[in-house]
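Encoded as structure tokens, the structure appears first; notes follow it.
The values are calculated or read from the model by the stated rules, or taken from the named source; none is laboratory data. Model, not experiment: these values are computed from the prediction. In this analysis, Cβ positions are derived from the backbone assuming ideal geometry, glycine residues included, and neighbour counts consider all displayed protein chains. Protein only, heavy atoms only, side chains kept; ligands, DNA and RNA dropped before computing areas. Shrake-Rupley method; radii C 1.70, N 1.55, O 1.52, S 1.80 Å.
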Amino acid sequence: KQAAKITVMEVSTPLHSRRLMRCVAMNRAFALAYACAILALLYHHALTLLRSTTLISFSMSMSMLVADVLLAFMWATTQSFRMRPVVRQVYPENLEKVVKREAFPSLDIFICTADPYKEPPMNVVNTALSVMAYDYPTEKLSVYVSDDGGSELTLFALMEAAKFASHWLPYCREHEILKRCPDAYFSSNDLRCSETEKIKAMYESMKTRVESTVKRGKVSDEYITSEEERQAFNKWTRGFTRQDHPTVIQVLLYKGKDKDNVGHAMPNLVYVSRQKSRTSPHRFKAGALNVLLRVSAVMTNAPIVLTLDCDTYSNDHQTPHRVLCYFSDPSTRPKLGYIQFPQRFRGLNKADIYACEFKRLFQINPLGMDGFAGPNYLGTGCFFSRRAFFGGPSSLVPPEIPELGPSHITEKPITAQEVLTLAHHVAGCNYENQTNWVTKMGFRYGSLVEDYYTGYRLQCEGWGSVFCHPDMPAFLGDVPISMDDVLNQTKRWSIGLFEVAFSKYSPLTFGFRSMGPIMGLCYAHSGFWAILAIPITIYAFLPQLALLNGVSIFPKVTDPWFFLYVFLFVAAYSQDCLDFILAHSTFERWWNDQRMWLIRGLSSYFFGSIEFVTKQLGIATQGFNITSKVVDDEQSKRYEEGTFEFGVPSPMYLPLAVAAILNLIAFLRGFKEVFWGRSFDGLLLQVLIAGYVVLNSIPIYQAMVWRTDKGRMPTKTTVIATFLVWGLYAVVYLYH
């Protein structure tokens, strides 16, 4: 009866709507025309192979064929996002007409951090405070912070946050603050009110204590204000290390006891550091999230779960209302597994020189997936139905104890001894042994990119998802501001994506059977991301080496096939640029995005592919590296100026330097041959490709030659790259 009542009310009070984007027909027509052009190109390659008369001509033709086949495959996967993109609209103003505020479901919020020196505790504090201040019944909010670094510094920061929250939360309610992250609020507002100045002084005082404690590396006795706090820090004994320590669960705020300074109940705030042992696998972030899933089930077991990275703060206090517009709809609720918000960032420089916005990955592609089964899980800013972690919509996988089940009702206080005892038990490092948590429940193991893999497996089980993309960003995160951090991040993603793509759950096999070809291709696009290293490397070196030796490998200008190559290049880049412009980006940001596409292909994709292969062969690899969120003042200044940062030595810079030098030499030599040596007809395409690489390599030339700051490319890398170029040219010349 209640469901029927809600359905009737929704007819006059819609909670959400969706519509197809206007570009659908144009996208499909373009895909058909471009596919015909690709087939013609492959036919041309086949003819060229058949006409090859020498081993070197056959090898070059085969290499170009392999490159174009892989590019064609990745283009085909991209079209899956363009077949049915949709735009959604929510109407949170209608929510309380359908669901009364007192009937809102409980919400558990998971925040993950792993290293207080790479992920500053003040970032964790700001993220926690921003979601604790949601416009939501505080008695139904619970915030769980996973500290996978097991650091007393993070616990101290959260203790300080709990004290500050008693003033910050009522201040936000009284003044109806929209952006409730303290750091963002105080950075963007002119303080004219004495109360605001007072609350800012409290925040700055807290920030000073936390940052001085982190710098010292130890919690000073003068900052410990109660016996309860002292007992909590006493758990960090001499044998307590990052890799080997017992479970620590500390309830910092409890809604049944703690009040803010005006008498309102505070939301729950719980610190969790799971047990670690050198002899047991900890499974990185997925393992930490599963511990939070179990600990929260024992304590509060809210039906909705929000996952956040430690640097991703809430930018809109009404975000949960938007979420409930979907979860409160009986027509979508039964199979709705999660609602994903786009990852958006603060601190991007005007040109986004490192393409860290990932416009296509985080904003454009999810719109295309939303027209079918829904977007993938992007790792942060995602609201899950807890039920989705326990089997498909029609096939519940029961946990090993009833207290962990999604329908379990928690009745005891989270501070009760038996609740804490069970919470410690389910956070143990060996708890998952011989259970379904490894394969069938929770966040999925088997890949470094647990977000991609978890979302993929949930959708294969039959769960749907929704992409909620409001005009105001729901969450804002930080971006890496050095080339080394950017490339290491995408290298880690490349390895994790390959782990899924080449497993028994490959999107091209398992995904096709479970979700259909379109969604399978959507997931294949990400899964085989790093395979682009092959065609990018071939196009960055082979035409240029041939050009230096005066060998033509592309059709002549007078050959009709020449115009096929021109069409394929210009049409693909034009459509990609148009997608960016329509997604409210700029031409400058698009240009830097395609530049970084080339850079990643020669560095992080290339090295990620090698590391994946060595990992499969059982050779030890680097493992999981946390992207640093610490901001250096000089780096930050160069980033704001749009200057590339190459200061940290890295082997990934070497192929970039080699390609930049080789293409410059080839372009200058080819330019001379084309315009003064009467080779215009045969070598023009190779000169244009070399020139295109040279144009994209300008920041690399600056870092190698002209700059004197700390962000320049290491001299050793430049010298080695120069010798490699001349050595490579000598070998090819002698062989030719």
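Only a single item in (1) at pLDDT 95 or above; (2) surrounded by fewer than 17 Cβ atoms within 10 Å (Cβ to Cβ); (3) in a loop (DSSP other than H, G, I, E, B) is not met by residue 82, and it is number (2). Contact map, the range 377-390: first residue at pLDDT below 95, second residue charged (D, E, K, R), Cβ cut-off under 9 Å, separation 6 or more or different chains; pairs are 379/285; 379/309; 379/450; 379/451.
Taken residue by residue, the range 498-511 has at least one member that is part of a helix (DSSP H, G or I), in contact (Cβ under 8 Å) with a residue 24 or more places away in the chain, closer than 25 Å to residue 659 by Cβ and within 23 Å of the chain's Cα centre (by Cα).
On the stretch given as the range 114-133, residues that are touching a Lys or Arg at 6+ places or on another chain (Cβ under 9 Å) and open to solvent by less than 10 Å² (accessible area, probe 1.4 Å) total 6. Screening residue 444 with (1) open to solvent by 20 Å² or more (accessible area, probe 1.4 Å); (2) under 21 Å from the mean Cα position of the chain (by Cα) gives one miss only, at (1). Being under 30 Å from residue 424 (Cβ atoms), touching a residue at least 24 places away in the same chain (Cβ under 8 Å) and not small (Gly, Ala, Ser) is the filter here; which residues of the range 391-400 pass it? Once the filter is applied, which keeps residues that are under 30 Å from residue 424 (Cβ atoms), touching a residue at least 24 places away in the same chain (Cβ under 8 Å) and not small (Gly, Ala, Ser), the range 391-400 yields 397, 399, 400.
State whether the residues of the range 232-255 include one that is over 19 Å from residue 116 (Cα atoms), of a type outside the set (A, V, I, L, M) and in contact with a Pro (Cβ under 8 Å, 6 or more places away or on another chain). There is at least one residue in the range 232-255 that is over 19 Å from residue 116 (Cα atoms), of a type outside the set (A, V, I, L, M) and in contact with a Pro (Cβ under 8 Å, 6 or more places away or on another chain). Scanning the range 442-472 for residues that are in a helix (DSSP H, G or I), within 27 Å of residue 90 (Cα to Cα) and hydroxyl-bearing (Ser, Thr, Tyr) yields 452, 454, 456.
So that you can scan it fast, the table gives a plain yes or no per residue for (1) closer than 11 Å to residue 156 by Cβ; (2) surrounded by 11 or more Cβ atoms within 10 Å (Cβ to Cβ):
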position	(1), (2)
193	no, yes
196	no, yes
213	yes, yes
220	yes, yes
224	yes, yes
227	no, no
235	no, yes
239	no, no
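Out of curiosity, is residue 509 among the hydroxyl-bearing types (Ser, Thr, Tyr) and over 27 Å from residue 713 (Cβ atoms)? Taking the combined requirement at face value, the residue satisfies it.
Under the condition of being open to solvent by less than 70 Å² (accessible area, probe 1.4 Å) and either closer than 18 Å to residue 125 by Cα or of a type in the set (D, E, K, R) (or both), the residues counted in the range 241-260 number 9. For residue 543, the conditions (1) assigned to a helix (DSSP H, G or I); (2) surrounded by fewer than 23 Cβ atoms within 10 Å (Cβ to Cβ); (3) touching a residue at least 40 places away in the same chain (Cβ under 8 Å); (4) more than 20 Å from the chain's Cα centre (by Cα) are fulfilled apart from (2). Suppose we keep only residues that are out of contact with any Gly (no Cβ under 9 Å at 6 or more places or on another chain) and over 30 Å from residue 258 (Cα atoms) within the range 380-418. Which one would you say is surrounded by the most Cβ atoms within 10 Å (Cβ to Cβ)? Once the filter is applied, the top-ranked residue is 391.
Table: residues versus (1) buried (at least 24 other Cβ atoms within 10 Å of the Cβ); (2) under 21 Å from the mean Cα position of the chain (by Cα); (3) of a type outside the set (Lys, Arg).
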residue: 65; (1), (2), (3): no, no, yes
residue: 91; (1), (2), (3): no, no, yes
residue: 109; (1), (2), (3): yes, yes, yes
residue: 136; (1), (2), (3): no, no, yes
residue: 145; (1), (2), (3): yes, yes, yes
residue: 154; (1), (2), (3): yes, no, yes
residue: 162; (1), (2), (3): no, no, yes
